[in-house]
Number of protein chains: 4
Amino acid sequence: MAIIVNKEEKRRAIAQSCSELLLENGIDNLTIAQIAQSAGIGKGTVYEYFENKEDIVFEIITLFMIEFERRALEQIQSAASAKEKLQLFLGLMFEDEFDRRHLGLYQEYLAISLVQGTPQMVEFSLLCREKFAHILGDILELGIAKGEICEASRGLISALMLFGRGVVVDSKVTGIEAKAEIAQFLDTLFELIKIGEVK
Amino acid sequence: MAIIVNKEEKRRAIAQSCSELLLENGIDNLTIAQIAQSAGIGKGTVYEYFENKEDIVFEIITLFMIEFERRALEQIQSAASAKEKLQLFLGLMFEDEFDRRHLGLYQEYLAISLVQGTPQMVEFSLLCREKFAHILGDILELGIAKGEICEASRGLISALMLFGRGVVVDSKVTGIEAKAEIAQFLDTLFELIKIGEVK
Amino acid sequence: MAIIVNKEEKRRAIAQSCSELLLENGIDNLTIAQIAQSAGIGKGTVYEYFENKEDIVFEIITLFMIEFERRALEQIQSAASAKEKLQLFLGLMFEDEFDRRHLGLYQEYLAISLVQGTPQMVEFSLLCREKFAHILGDILELGIAKGEICEASRGLISALMLFGRGVVVDSKVTGIEAKAEIAQFLDTLFELIKIGEVK
Amino acid sequence: MAIIVNKEEKRRAIAQSCSELLLENGIDNLTIAQIAQSAGIGKGTVYEYFENKEDIVFEIITLFMIEFERRALEQIQSAASAKEKLQLFLGLMFEDEFDRRHLGLYQEYLAISLVQGTPQMVEFSLLCREKFAHILGDILELGIAKGEICEASRGLISALMLFGRGVVVDSKVTGIEAKAEIAQFLDTLFELIKIGEVK
DNA sequence: TATGAATGAGCATTCATTCAT
DNA sequence: AATGAATGAATGCTCATTCAT
């Protein structure tokens, strides 16, 4: 009698089993052979659950993204002002060693997107964009509602995300100090968007 | 006596001769054999003038960067207001087919920086950063001097560059409409930094 | 279930299939492409069974060494006196065309050991040394037991091997006549070590 | 008015100027460019004085050989008995750091001889052989004359040289302890060839 | 006599993916 | 459902030597 396996469940199990490997070795140095071994299955079996290597990496990165979103929402709640929330959100990837490894993986993923960019990857990136836009939107709306920042701030969602993307890239490419850049930007920005002053 | 060649000159000549190749094929698909052929020299000769393939790509990208800087300064002069200048500067890479190919190369270069990032590459990126910071600084200072924008705008240089980087990346990664994003950001931003209104 | 292959067996089969190639072309001129072709497999498959090219050469040389040892023991048995045995053993590599090709390969291997000498190669050479020391030891012991040679001869094992190595090298380097040198040495030596005379 | 240069003199000057380089880098890693630079001349000029790279290496090795011979003779004189002289002669290459570097070079040279062996190299090796045979011959003759060793020892010249060659090779190939091997061999040998005992 | 610019052949190795069993 | 054996494309780099000046 064959064991009935929930495909979706096994997918995640395989992905989980080698997520550490991915963080350690990076995408390029992760081989299908390693994946199969760490999951305790044959190489061919991997392809029963995933289309290709990219598919596996996707699964893992998606898991990380969900976790990241969860942490982001959690952290943001603990902050009082809109500025603090933004600071936390934009800076979340640069916190500690744990994040540094995830950041590295994310940068590697971005690099692949930059040169190979399959429709699937674009779709995934757009999905992330939406989620984060939503989070940023909530932060700003709340800030406006609480009278912390002006109505015009509403138009900054996309810019804040693009700024964030720039920080992620440049923290590697030019070695800028991410958290300092974020702080400085928010200081300047809040000088402009906070309520109650005349320029 | 032997023939004396101006090494620096020939370097540039070789780089020039295969820059088209680089734009067409991308970095990864550019082979030393192609470079040598397009320059009409032997493969070994290439290595008389360049350390390695990376070195060649660098030379070409540097040439493009210089050209880009020149065009940026030229375009900016033709604009009247600070907002227009910023729009031109940030949008310069997304103008037409000509730029699209250069943009692609730049994105590929960024991708490499994101995963391999040699000290030399970081140094180059920092150099670019400085140059562009200078240009942005001039634009903002002039805008402040002319009373177009508030003093606080001065603190936006780094943020504008990171935003620009984000647009370069996301125009590929998520397929956002670069020029529209830039326009929208500047509209919102100028709503905040222009002089003469109460929030 | 997938096909299970006896790895060790296939290793030897691949090695065997290109040993002729190795004898003909030498180590440096043996390419992986040739190996794959002669074994009727793909280049990649070669690497399923061998770490690298060196590993393949090792396998083949080891096979030759085993065969050499077998022949040596066989030949020695057919000889009556210790002197004859030594002569056969030391001269075995210089017999005929068959041996000349193997000798050439061995010399090439020695050359590599002399400049690159990986631990693995040293280990292999020590293994050979042990085996041959054992054979020489047996010959001498029997000679002593039979009263052909004096007790002190026992101390000559290592020297005989080093002499043999010297002959292998010099037969190529200075073109000395190997068999004549061996004969002359043994004549002199036996003059000294044979029993029953006063110097 | 052209400067008259003694070709032979300049040859030696060039060779001398890069002999240190040769000891440090080995034959394979010594480039013509380095040679030219260290001699303060152009690459092309090197070929005015030498046929090819091999020719240069030859010149240097010849210089070393002459020096080695000088040292050998000097050392030997300081020894009293034939056994001591042989020990000094055979062990001379394994004395100290100075010798270790020369030994390495010599081994590399042997390796080349083993696979490429040009007539010129064979000739050189034969020349060395003759010289050293002469030295060994003198040692043995003197020993015989002084009644230290028996007449038959005269036949050991070639064997001693081949043994020596074997030690040079195996000190690298199998990592044997050269000086110990030499001592052990000579102990055993002198047990056999010394005068005044009955086996 | 001196130079130095130009040359170009040659090859190991990796690993995602397939598919016969 | 699971497997794992087989595959093969694709490329940077070195350096001794030559010969035009």
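Any read-out appearing in this document is the output of simple, stated calculations on the displayed coordinates, not a laboratory observation. Bear in mind the structure is a predicted one, so any value in this text is a computation, not a measurement. Backbone-built Cβ (ideal geometry, glycine too); neighbour counts: all protein chains shown.
Counting only Cα atoms, the stretch B:86-128 measures 31, 20, 12 Å along its principal axes, largest extent leading. Name the most mobile residue of C:L105, C:L21, C:L127, meaning the one with the largest mean-square fluctuation, in a Gaussian network model of chain C with Cα contacts below 10 Å. Looking only at C:L105, C:L21, C:L127, the biggest GNM fluctuation is shown by C:L127. This ranking places B:Y47, D:Y49 by how few other beta-carbon atoms lie within 10 Å of each, fewest first, which gives B:Y47, D:Y49. Computed per residue of chain C from DSSP H runs no shorter than four, each worth -39500 (n - 2.57), the mean residue ellipticity at 222 nm is -24000 deg cm²/dmol. Sequentially through the stretch A:40-50, phi angles give Karplus couplings (6.51, -1.76, 1.60; θ = phi - 60°) of x, 10, x, 4, x, 5, 3, 7, 7, 10, 10 Hz, Gly and Pro residues having no value and appearing as x.
Share of Cα-Cα pairs in the protein assembly as shown beyond 40 Å, in percent?
The calculated P(r) of the protein assembly as shown puts 59 percent of pairs beyond 40 Å.
Evaluating 6.51 cos²θ - 1.76 cosθ + 1.60 at θ = phi - 60° for every residue in the stretch D:177-185, the Karplus couplings come out as 7, 3, 5, 5, 4, 4, 4, 5, 4 Hz, glycine and proline recorded as x.
Here's the picture: a label point sits 7 Å out from the Cα of C:Q120 along the beta-carbon direction, and within the stretch C:32-46 nothing has its amide nitrogen under 11 Å of it. Give, to the nearest whole percent, the P(r) tail of the stretch D:1-50 beyond 13 angstrom, counting all Cα pairs. Tail of the P(r) past 13 Å holds 57 percent of the pairs.
Of D:H134, B:H102, how do they rank once you tally other Cβ atoms within 10 Å and put the fewest first?
Working: D:H134 12, B:H102 19.
Ordered by Cβ neighbours within 10 Å, fewest first: D:H134, B:H102.
Take the Cβ atoms of B:D96 and D:R101, set R0 to 60 Å, and the FRET efficiency comes out at 0.40. Against chain D, whose longest principal axis comes from its Cα atoms, helix D:82-91 is set at around 30 degrees.
For the rotational copy relationship between A and D, the axis lies nearest to a chain A beta carbon, identified with its distance in whole angstrom as A:N29, 15.
Mind scanning C:K85/C:K131; B:K43/D:K7; A:K10/A:K179; A:K7/C:K7; C:K194/D:K83 and naming the pairs with a C-alpha gap bigger than 27 Å?
Distance filter (> 27 Å) returns B:K43/D:K7; A:K10/A:K179; A:K7/C:K7.
Inter-part distance, the stretch A:1-67 to the stretch C:102-116, computed on C-alpha centroids, equals 46 Å.
Projecting label points 7 angstrom from Cα along Cα→Cβ for D:T45 and A:K131 puts them 6.9 nm apart.
Considering only A:T31, A:T118, A:T62, the Gaussian network model of chain A with Cα springs below 10 Å gives its largest mean-square fluctuation to A:T118. Taking other residues whose beta carbon is less than 14 angstrom from the beta carbon of C:N6, and scoring Lys, Arg as +1 and Asp, Glu as -1, yields +1. Using only alpha-carbon positions in the stretch C:59-148, the gyration tensor eigenvalues give semi-axes of 26, 16, 10 Å once each is multiplied by 5 and square-rooted (largest first).
Listed by Cβ neighbour count within 10 Å, with the fewest neighbours leading, B:V122, B:V168 appear as B:V122, B:V168.
For D:Q37, inter-copy separations between label points set 7 Å beyond Cα along the Cβ vector come to 3.3, 4.0, 4.2 nm, shortest first. Paramagnetic label reach from B:Q37 (point 7 Å along Cα→Cβ; backbone nitrogen cut-off under 17 Å): within the stretch C:12-34, no residues. 3J(HN,Hα) along the stretch C:51-68, derived from phi through the Karplus expression 6.51 cos²θ - 1.76 cosθ + 1.60 where θ = phi - 60°, amounts to 5, 6, 4, 3, 4, 5, 4, 4, 4, 5, 5, 4, 4, 4, 5, 4, 4, 4 Hz, with x in place of Gly and Pro. If you take the square roots of the eigenvalues of the alpha-carbon gyration tensor of the stretch B:1-126 and sort them as a ≥ b ≥ c, do you get rounded (a/c under 1.5), prolate (a/b over b/c) or oblate? In terms of gyration-tensor shape, prolate. Across all C-alpha atoms in the stretch D:49-199, the radius of gyration and Dmax reach 16.4, 60 Å. Annotation for the stretch B:133-178 versus the stretch A:120-199: alpha-carbon center distance of 14 Å.
A Förster radius of 41 Å, combined with the Cβ-Cβ distance separating C:E9 from B:E24, puts the computed FRET efficiency at roughly 0.25.
Within the stretch D:107-163, the ratio Rg/Rh, alpha carbon atoms throughout and Rh by Kirkwood, equals 1.14.
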